[in-house]
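One structure is given here, and the rest of the page talks about it.
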Amino acid sequence: MRLAPARPEGATRRQWIAAAAGTVLAGAGAPARAGADPQLVERARREGPITLYASMAEKDLRLLVESFTALYGVEVSVWRSGKNKVLQRALTEGRAGRRVVDVVHNPSPEMEALYREGGLQPVRSPVHDSLLALALPAHREWAGLRVYLFVAAYNTDKVRADELPRSWEDLLHPRWKGRLGIEAKEQEWFTTLVKTLGEARGIKLLRDIASGNGLSVRNGHALLNNMVVSGEVPLVLTTYSYLPEQARRRGAPVNWFVLPPAIAYTDGVGIARQAPHPAGARLFYDFMLSDAQTQLAQMAHITTQRSSEAFLRTLQPVYIDPAAVLDDYDKWTTTYEATIAGRVAG
């Protein structure tokens, strides 16, 4: 399934960055995008480099940061890690009164946790007007820039299109024994899925799949995607759509599909409560929710722009509620871990 155009054939990486940013790579003197406040840009340049904590895939994040610097002449110091480590570092520094980070990017449950701990500040920005409503929590202390669509991915050399499951019950068939994989930390997806299917039915169904056919449980969507590409795991039940789509565009033997009900949520970007470079932080925040959206779409991400609404409507996804997930996180973590191990919790 193709969501957005890939990098133009024959275009160099530098040319692609320039086109996506809408400017010539001319260093600090590059013109700002139309609509950016020139005074904000000037203040950001005077403040100097900003610091970003993020969990986005390194190769995608690097291109966005390069585009931002090319557009505004403001450098970005990036600390990238897994979502839990990003959250923990931001929380630890905030509690200690250390003013280090300016902008934080993470999935929405972790952003909601950071908001609850007082680590972010409310933002009112005109770029919000172009976003889907689901990307904007009422408190406005973070905003979503991508929609994470959970999909199943499969190796096209190992799995025939005519044998793909059409329902979760189809995964009980013996043909899937030893051929399935799943992400180890998928509590948010699991909680939403089983509540949608019916809690008792959903838990039993996933447990029966795990106990009957086995699940290769791995930590990391990118790792699982690579294992599908290599054929080590022919079919994974949970990954983000952009990972197999990016690999497919590179010619890898992989494709993806949605096993209903579709489950989705957003990531988020927010400005730290005590951001040491407030102008630069605001400039980067607005960039990620505006100019960067075009570049993200080119990289096969589903953006939170209203232009994504028609595609999402065809899937009718059930959206994860990050606040609700946090309220019972420990319970659902225990239940999920027991379920994918094929045994009853407790």
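General observations
- Loop trypsin sites (Lys or Arg not before Pro), segment 241-346 (other Cβ atoms within 10 Å of the site Cβ: 16 or fewer; DSSP): Arg250, Arg343
- In the structure shown, the pairs Lys83/Lys331; Lys195/Lys331; Lys83/Lys195; Lys177/Lys331 are assessed against 18 Å; a Cα-Cα span above that value is assigned to Lys83/Lys331; Lys83/Lys195; Lys177/Lys331.
- Residues of segment 281-303 with amide N under 17 Å of the 7 Å Cα→Cβ point at Phe311: 289-303
- The chain: most fluctuating residue of Asp102, Asp286, Asp327 per GNM, C-alpha cutoff 10 Å: Asp327
- The trypsin sites (Lys or Arg not before Pro) of segment 90-127 meeting both criteria, a DSSP state outside H, G, I, E and B (loop) and at most 11 other C-beta atoms within 10 angstrom of the site's C-beta, are Arg98, Arg124.
- Prolate/oblate/rounded call for segment 129-260, Cα gyration tensor, a/c under 1.5 rounded: oblate
- Beta bridges assigned by DSSP with both partners in the chain are antiparallel in approximately 60 percent of cases.
The numbers here are math on the coordinates, done by the rules we state, and not lab data. Since this is a predicted model, take the numbers as computed values, not measurements. Reconstructed Cβ throughout: ideal geometry from the backbone, glycine too, with neighbour counts over all protein chains shown.
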